[in-house]
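Step one of this worksheet: look at the structure below.
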Amino acid sequence: MSAPFRFPRFFVTNPSPCPYLPGRSERKVFTELSGENASELNDALGRIGFRRSQNVAYRPSCADCSACVSVRVVTEEFQPNATQRKLLRKNEDLVVTPCKPWSTEEQFALLRRYLSARHPGGGMTEMDEMDFADMVEQTPVDSHVMEYREPGEDGRPGRLVGACLTDRQGDGLSMIYSFFDTDMEHRKGLGNFIIMDHILSAARAGLPYVYLGYWVEGSQRMQYKIRYRPLEKLTRAGWTRFDPTEQSDAIRSGLPREQPLIPMELARVFRK
């Protein structure tokens, strides 16, 4: 009699330059998500710090570095500060729609503009429409593309200004990748608004957490993830809450910018 669940096989990538900390190398451990138990496996791995890229779950496994720290927001206790409340009010007119994980030309065009503005010369700028379709559509779990649009006219959808590929897990939402219009002066902070919208949506749905991926102390690109309270980090002792003073010090350690949540260059590696 065959077992109903087969323990996954794990593999390790070759070392490559770290995209977050200059002079360091990174290595990842990964496994395939497939079959009827893919969602259960993804949930279990998500609770121990793995992230999803298409049909692969991965986490850092660097020999001499542990700077990447998994973080998640406790949704029921989240209270936006004055700046965050102002940002919510400024964007409260946006129409938020969960869409099936099907890529569209409109989404891809927005992604291209985003990458050109925020990551010129980065690895993702080489993505074509097929790469983007793979990123969105190759999912073995419950995924949606959350679209953020300005109000439309005459019953037509308004302009797409933001999007986020999001997984729904058993204990929360996992934000896989977000991108947005960077040229709208009256909507600065769209990336942070998208995160807060996920936090508030998860709370309304009774989901306790929003997973933000990895915070890397010392990396300006990852600084934005430390803004949300209460925030938990994954340690050797399990998930523990950031000490308020520690978190405040981390917030003051740099001037954060909006950045994408997880680099998707991994998709290219795992397709090979």
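Points worth noting:
- First in the range 174-203 and under 14 Å from Arg118 (Cα atoms), second anywhere and among the charged types (D, E, K, R) and assigned to a helix (DSSP H, G or I), Cβ under 8 Å, 6 or more apart: Asp181/Arg113; Asp181/Arg187; Thr182/Arg113; Thr182/Arg118; Asp183/Arg113; Gly189/Lys90
- Unique match (being aliphatic (A, V, I, L, M), within 25 Å of Val56 (Cα to Cα), touching a strand residue (DSSP E or B) at 6+ places or on another chain (Cβ under 8 Å) and assigned to a loop (DSSP other than H, G, I, E, B)) among Val145, Val141: Val141
- Pairs meeting the criteria (first residue in the range 20-38 and within 17 Å of Arg59 (Cβ to Cβ), second residue part of a loop (DSSP other than H, G, I, E, B) and among the basic types (Lys, Arg), beta carbons under 8 Å, at least 6 apart or on different chains) are Thr31/Arg9; Glu32/Arg9.
- Only a single criterion out of (1) buried (at least 18 other Cβ atoms within 10 Å of the Cβ); (2) part of a loop (DSSP other than H, G, I, E, B); (3) modelled with pLDDT of 50 or more is not satisfied by Gly254, namely (1).
- Meets criteria (at pLDDT 90 or above, among the β-branched types (Val, Ile, Thr) and outside any helix (DSSP H, G or I)) for Thr245: no
- Of residues in the range 76-131 being hydroxyl-bearing (Ser, Thr, Tyr) and crowded, with 16+ Cβ neighbours inside 10 Å, the one modelled with the lowest pLDDT: Tyr114
- Within the range 58-83, the set of residues being under 19 Å from the mean Cα position of the chain (by Cα) and touching a residue at least 60 places away in the same chain (Cβ under 8 Å) comprises Tyr58, Pro60, Ala67, Cys68, Val69, Ser70, Val71, Arg72, Val73, Val74, Thr75, Phe78.
- Residues of the range 30-68 satisfying the condition of being in a loop (DSSP other than H, G, I, E, B) and of a type in the set (Ser, Thr, Tyr): Ser34, Ser61, Ser66
The values are calculated or read from the model by the stated rules, or taken from the named source; none is laboratory data. This structure is a prediction, so every number in the text was calculated from the model and none was measured. Cβ atoms come from the backbone with ideal geometry, glycine included; neighbour counts cover every protein chain shown.
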